[in-house]
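Colleague: My questions all concern the structure below.
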C-alpha cells in the first residue's frame, strides 16, 4: 500500500511539473492616475448643455478667469442643486470666478435646458452623459467639485456638498483667488 501511495504521488508530481502552463496573463495595466491638487486639469472636449455646440476646456475656459469651478452634477440630484445654487451666487458676486456645471445626466440637452430655465444659475453647462470626466478626479458620484486656477492647476478637489460647512470654506477659497 505504501508503494502504491508513493507511486501515485510521484505520478502526480511528474504530471504537475510537465503539465503545460497557462499562457502568461497580459501584464496588468496600471490604473490611470487620479488627478489631485497641484496637477493640471484634464482637457475635455464635450458638448455645450444649452446649445449643443462643441466645447473644450482649454479653448473655452482656461485662463478666462482667475478661478474656475467644475461642478460634476446631475439635474435630479438635490445636493447637486444646492451646490450649484451656492456656486452660482459666488459667480454672481465675483466676476473673475467662472462656474462650469458638468451635467453627467444621461437624459441629455433638453433636460439641462429645462433645468437652466427653471433655475437661472450663473453657470456654463457642459454635457458628460457617459460620466467620462469625474473618474479622472477619483469620483464615481455627484456632486463633486474641482477648482482650477488661471493657469489650469487644480487647487481643490472635493466630493459631496455639506450646506452647514462648505459655503464658508468655499467662499474663503474663492475670495483668496479672486480678490
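Colleague: Of 109, 58, 130, 83, how do they rank once you tally other Cβ atoms within 10 Å and put the fewest first?
Modeller: Ordered by Cβ neighbours within 10 Å, fewest first: 130, 58, 109, 83.
Colleague: Further, regarding this structure: Any idea what the relative contact order of segment 109-168 is, in percent, if you count C-alpha pairs under 8 Å spaced at least 6 apart?
Modeller: Working: 35 pairs, mean separation 12.3, N = 60.
Normalised by residue count, the contact order of segment 109-168 is 21 percent.
Colleague: For segment 33-178, what is the relative contact order in percent, using Cα pairs closer than 8 Å and at least 6 residues apart in sequence? List each step's numbers first, then the result.
Modeller: Numbers: 280 pairs, mean separation 49.1, N = 146.
Relative CO of segment 33-178 lands at 34 percent.
Colleague: Could you calculate the contour length gain from residue 141 to residue 43, that is, 0.36 nm times the residue separation minus the distance between their Cα atoms, to one decimal place in nm?
Modeller: Result for the pair: 33.3 nm of gain on full extension.
Colleague: Quick one: if you stick a label point 7 Å off each Cα along the C-beta vector at residue 29 and residue 119, how many nm between them?
Modeller: About 3.4 nm separates the two model spin labels.
Colleague: Separation between the residue 60 and residue 165 pseudo-spin-labels, each 7 Å from Cα along Cα→Cβ, expressed in nm?
Modeller: The modelled label-to-label distance comes out at 3.3 nm.
Colleague: Let me understand segment 33-178 better: what is its radius of gyration from the alpha carbons, and its Dmax, in angstrom?
Modeller: For segment 33-178, the Cα-based Rg and Dmax read 13.7, 37 Å.
Colleague: If you don't mind, another one. Need the full-extension length gain, residue 85 to residue 153, defined as separation in residues times 0.36 nm minus the C-alpha distance. One decimal, nm.
Modeller: Result for the pair: 22.0 nm of gain on full extension.
Colleague: Now for a different question. With a cut-off of 18 Å, note down the residues of segment 34-63 whose backbone N falls inside the zone around a label point 7 Å from the Cα of residue 132 toward its beta carbon.
Modeller: What the label zone holds, given the 18 Å backbone N cut-off, is 34-35, 41-62.
Read-outs: derived from the displayed coordinates by stated rules, not from any lab. Keep in mind that this is a model prediction, so the values were computed, not measured. With ideal geometry, Cβ positions are generated from the backbone for all residues, glycine too; neighbour counts draw on all protein chains shown.
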